[in-house]
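Notes to accompany the following structure.
Here, each number is a calculation from the coordinates, and none is a lab measurement. Bear in mind the structure is a predicted one, so any value in this text is a computation, not a measurement. Because the Cβ atoms are built from the backbone with ideal geometry, glycine has one as well, and the counts that use them run over all protein chains shown.
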Amino acid sequence: MSKVSAIKNIIENQLADTDCFLVDTESNSTETVIKFFIDGNAGVKIDFCAKLSRTISKELDNLGLEEDAFRFEISSPGIEKPLVDIRQFPQHINRTLRIEQDENIIKGMLKKIDGNNLEIKIPKSKKLPDQIVNIEFNQQIKIKVIPSFK
């Protein structure tokens with residue numbers, strides 16, 4: 001079992017009774033640096049990531065995987081990462097999203113989620129009134145939250 005798989009299993013077991021979930025994993029080719037990104041219904045606090053990291057370290061000691069030198073990190077995806085799991089969207093209702101699909105880019109406010117369907121309100125322009133569009137979420141769409149500093 002690879003280090004990534006072993007740690008993923010530990011994370012998923014630890015998150016099973018929480019409102020958090022594993023969103024993404026990144027590692028270099030030799031798995032000497034592995035990053036795990038978790039999110040939750042109300043985001044993820046740094047204290048939670050630290051506690052999870054300590055638990056993983058203890059479990060890895062028990063599995064004997066700490067013999068090879070590697071580093072793992074647990075964090076939230078951060079605002080710069082795209083949303084990759086439909087479970088990430090509810091916390092972003094009424095926030096502005098940037099949606100890239102094929103060559104099209106739209107910006108609009110997330111108003112509602114129904115299954116994999118996202119209802120987006122595109123603000124009026126000089127030529128068009130407000131529009132509501134429905135977009136089916138899938139892995140071919142790149143969606144990021146546009147931060148608001150109001």
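Here is how the number arises for the chain: DSSP H runs of 4 or more residues each give -39500 (n - 2.57), the sum is divided by the residue count, and the result at 222 nm is -7000 deg cm²/dmol. Note on the chain: dipole from Cβ charges, positive end direction compared against Leu22, Ile141, Ser76; the farthest Cα belongs to Ile141. All C-alpha to C-alpha distances of the range 3-75, sorted into 10 Å bins beginning at zero, yield P(r) values of 19, 58, 22, 2 percent in whole numbers. Tally Lys and Arg at +1 and Asp and Glu at -1 over the other residues with C-beta under 13 Å from the C-beta of Asn138: what net charge comes out? Taking every other residue near Asn138 into account, the sum is -3. In this structure, Ala16 and Lys142 have a Cβ-Cβ separation that, at R0 = 22 Å, corresponds to a calculated FRET efficiency of about 0.15.
If you fit an axis through the alpha-carbon atoms of helix 3-15 and take the longest principal axis of the Cα set of the chain, what angle between them do you get, 0 to 90°, nearest 10? For helix 3-15, the angle is close to 70 degrees.
Two numbers describe the Cα atoms of the range 43-115: Rg and Dmax, which are 17.8, 49 Å.
Net charge around Ile105, counting only other residues with Cβ within less than 11 Å of its Cβ (Lys, Arg = +1; Asp, Glu = -1)?
+1
Quick check: from the Cα gyration tensor, does the chain come out rounded (a/c under 1.5), prolate or oblate? Prolate. The angle between the Cα long axis of helix 46-63 and the main principal axis of the chain comes to about 40°, on a 0 to 90 degree scale. Dividing the radius of gyration of the alpha carbons in the range 91-150 by their Kirkwood radius gives 0.95 for Rg/Rh. Simple rule: put +1 on each Lys or Arg Cβ and -1 on each Asp or Glu Cβ in the range 1-67, find the dipole, and look at Ile10, Ser53, Phe36; the Cα lying farthest toward the positive end is Ser53.
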